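Below is one structure, written out as structure tokens; the observations come after it.
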Amino acid sequence: MKTIQKHFKLIVTSLFLLINVTLVAQNLPNIIVCATGGTIAGAGASSTGSAYTSGQVKIEAMIDAVPNIRKLANLKGEQTANVGSQDMSVSVWLTLANRINELLASKDVDGIVVTHGTDTQEETAYFLNLVIKSDKPVVLTGSMRPSTALSAEGPLNLYNAVAVAANPKAKGYGVMVVMNHEIHSAHNVKKMITTPVQTFQSPEEGMLGKVSFGDVQFFHKPHGLHTTSSKFSITGVKELRRVDIVYGCADMSTDLMDIMVKAGAKGIVIAGVGDGNMNAGTLEAIKKITKAGVPVVRASRVPIGTVLLKGEVNDEEYGSVSSMELNPQKARVLLMLALLNKPSRADLQKMFLEY
Ligand code: ASP
């Protein structure tokens, strides 16, 4: 019996050594996949029906479902959360960012992939872009079709995301979103269409590059300060201050900001009409609120373009600042981080110009 046990031990040890030697010989990068849920982990009853539930499939099963993905990198999965990204929260952002910072500080980790629902993926990507302290690649991906759907695109998106995170060329690009063969910067990427697979676009500056079945190509560097050049830090931060978004429209109600501030908002972003515009009553409300010390950022409900510093609205007169090309949901992220300190109006405008 003892001899059999000895032989068994020997065989297992040799196999283990063989596997290790093969991996080292291939010199594959070490990539950690942090999963948060979303449609990429979603499942439905029918492969042709549109109904499904996000966040059903665990990360190891997702990785195992992708052919040849372990030839790109040594992969380890971690389940950070498992939600539809409509339920993404500041608390998960902080947990995720702290964990990524911890992982990337290790010389044994070369890059991170985050699987995430697409609804708020641009917000998480932009948040991470401002608080991750490493130039190693961090790549978010997801899918528009659940894992059970006909032509589910999640497996190829995950394959391409790992290929980008594992590519030494991807260092220094800040946080990226990889979907549908395209590489986008956290700063520019926007969800533009409700359900088709080509939803993520960077309409102002274009995609950073392309990735086709693992073949990575970069065209240009991302815009704005990020990761190692960002001044924002979440070390010791347990929560962010509440910032609400007001949606502009014809004849908009002028008391919305007051209601939000009374409910606890410490900052307001306006998804204004056109060039970050709003009606006269709302402008007067902004004047009052900013005088009381609550910062107001003017963004636009129009999906593409920059909110001009000197357009129809004179920010100096009303105490507001322009979000520049950040859409309302990303402007909210930057304002929440800015509110970790007490920025003046000028400081805040500078941040929106730099980040
Ligand atoms: N509601 C889903 C989510 O954001 C949609 C998706 O992932 O495409 O989690």
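Worth a mention:
- Restricting segment 85-100 to residues that are assigned to a helix (DSSP H, G or I) and within 13 Å of the ligand (Cβ to nearest atom) leaves a set whose member that is nearest to C34 (Cα to Cα) is V92.
- Residues (crowded, with 24+ Cβ neighbours inside 10 Å, among the hydrophobic types (A, V, I, L, M, F, W, C) and either more than 9 Å from the ligand (Cβ to nearest atom) or in a strand (DSSP E or B) (or both)) located in segment 33-50: V33, A35
- Selection within segment 62-79 - crowded, with 20+ Cβ neighbours inside 10 Å and assigned to a loop (DSSP other than H, G, I, E, B): L72, A73
Every residue, every condition in (1) closer than 28 Å to V294 by Cβ; (2) surrounded by 15 or more Cβ atoms within 10 Å (Cβ to Cβ); (3) more than 18 Å from the chain's Cα centre (by Cα); (4) among the polar types (S, T, N, Q), yes or no:
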site	(1), (2), (3), (4)
E182	no, yes, no, no
P196	no, no, yes, no
G206	no, no, no, no
D215	no, no, yes, no
K238	yes, no, yes, no
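- Strands (runs of 3 or more DSSP E) wholly inside segment 187-281 containing at least 1 residues that are without any contact (Cβ under 8 Å) to a residue 12 or more places away in the chain: 215-218
- Cβ separations smaller than 6 Å between residues 6+ apart or across chains give no pair from segment 161-178 residues that are at pLDDT below 95 to residues that are surrounded by fewer than 24 Cβ atoms within 10 Å (Cβ to Cβ).
- Condition check for G305: crowded, with 18+ Cβ neighbours inside 10 Å and modelled with pLDDT of 95 or more: no
- Hits in segment 240-263 - residues which are closer than 19 Å to V90 by Cβ and either modelled with pLDDT under 95 or loosely packed, with under 12 Cβ neighbours inside 10 Å (or both): A263
- Test for Y159: is it under 21 Å from A35 (Cβ atoms), within 16 Å of the ligand (Cβ to nearest atom) and either among the aromatic types (F, W, Y) or crowded, with 24+ Cβ neighbours inside 10 Å (or both): no
- In segment 317-337, the residues that are charged (D, E, K, R) reach residues that are assigned to a helix (DSSP H, G or I) with C-beta atoms within less than 7 angstrom, at least six apart or across chains, in these pairs: K330/E122; K330/E123; K330/Y126.
- Hey, N82 surrounded by 12 or more Cβ atoms within 10 Å (Cβ to Cβ), touching a residue at least 12 places away in the same chain (Cβ under 8 Å), outside any loop (DSSP other than H, G, I, E, B) and away from the ligand (no atom under 16 Å from the Cβ) or not: no
- Residue in segment 53-70 that is closer than 28 Å to P168 by Cβ, at pLDDT 95 or above and within 12 Å of the ligand (Cβ to nearest atom) present: no
- Answer from L128, L94 - the residue that is under 20 Å from I31 (Cβ atoms), of a type outside the set (V, I, T) and touching a residue at least 12 places away in the same chain (Cβ under 8 Å): L128
- On the stretch given as segment 143-163, residues that are touching a Phe, Trp or Tyr at 6+ places or on another chain (Cβ under 9 Å) and either within 17 Å of K76 (Cα to Cα) or not hydroxyl-bearing (S, T, Y) (or both) total 7.
- Scanning segment 115-124 for residues that are part of a helix (DSSP H, G or I), β-branched (V, I, T) and within 16 Å of the ligand (Cβ to nearest atom) turns up at least one hit.
- Among the candidates V90, V109, the residue that is closer than 30 Å to L353 by Cα, among the β-branched types (V, I, T) and touching a Leu at 6+ places or on another chain (Cβ under 6 Å) is uniquely V90.
The values are calculated or read from the model by the stated rules, or taken from the named source; none is laboratory data. This structure is a prediction, so every number in the text was calculated from the model and none was measured. Counting neighbours? That spans all protein chains shown, and the Cβs are built from the backbone with ideal geometry, glycine included.
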